[in-house]
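The values are calculated or read from the model by the stated rules, or taken from the named source; none is laboratory data. Since the model is a prediction, treat every value here as computed from it, not as a measurement. Note that we place each Cβ from the backbone using ideal geometry, even for glycine, and neighbour counts take in every protein chain shown.
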């Protein structure tokens, strides 16, 4: 009877961990950190999100479909995060549907989020004298991005790469917090890659 109770409880625990669905995530705000310049740049910055930056998408894990999370209003969320990032050092940040031929223009071609396995850990469960080792996976939110900075139609900088969340999740209930953290880190990474000291020296 004790072994039956232990097995039943253990199977229930596994079902709870593996079977819970990640709730959809809609619009939210983040506050990326940007090192402030001594003086804000007066040259307006226009940001264009290309069509591959989807407004609604389903985020999955790398090499697995287990961790599916539906995202809605992602373009609006991204716009708000980018505005917060760049407005720290630019007096005027606007968004456009098409690329202007004049001025300072940042084009973001793609931002693709996915879950990436970071590692596993184990722990022991003690129930009625029985010991069972349970393995726990830790997943990070990874964002792959492609972007280019133009002035008057001429490329002056590009940032292609990926950024990962500082937080990791071991249960579905942590997914939203990890995703939000990952987007904040991604915006910070974009700024650092695009606006180096050499690039900033050319901007009024």
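Residues in region 158-204 that are part of a strand (DSSP E or B) and either touching a residue at least 60 places away in the same chain (Cβ under 8 Å) or surrounded by fewer than 18 Cβ atoms within 10 Å (Cβ to Cβ) (or both): 158, 160, 161, 162. Considering 32, 36, the condition of being modelled with pLDDT of 95 or more, over 18 Å from the mean Cα position of the chain (by Cα) and in a loop (DSSP other than H, G, I, E, B) is satisfied by 36 alone. Just one of (1) exposed (fewer than 14 other Cβ atoms within 10 Å of the Cβ); (2) touching a residue at least 40 places away in the same chain (Cβ under 8 Å); (3) under 14 Å from the mean Cα position of the chain (by Cα) fails for residue 142. It is (1). Considering the conditions (1) surrounded by fewer than 18 Cβ atoms within 10 Å (Cβ to Cβ); (2) at pLDDT 95 or above, residue 129 is excluded by exactly one of them, (2).
Are any of the residues in region 77-85 in contact (Cβ under 8 Å) with a residue 40 or more places away in the chain and assigned to a strand (DSSP E or B)?
No: zero hits.
So is residue 66 within 14 Å of the chain's Cα centre (by Cα), modelled with pLDDT under 95, closer than 29 Å to residue 118 by Cβ and exposed (fewer than 14 other Cβ atoms within 10 Å of the Cβ) or not? The answer is no for residue 66.
Sort through 98, 94 and tell me the only one that's assigned to a strand (DSSP E or B), surrounded by fewer than 15 Cβ atoms within 10 Å (Cβ to Cβ) and in contact (Cβ under 8 Å) with a residue 24 or more places away in the chain.
From the options 98, 94, the qualifying one is 94.
Taking the numbered list (1) crowded, with 16+ Cβ neighbours inside 10 Å; (2) within 15 Å of the chain's Cα centre (by Cα) in turn, residue 112 passes all entries but (1).
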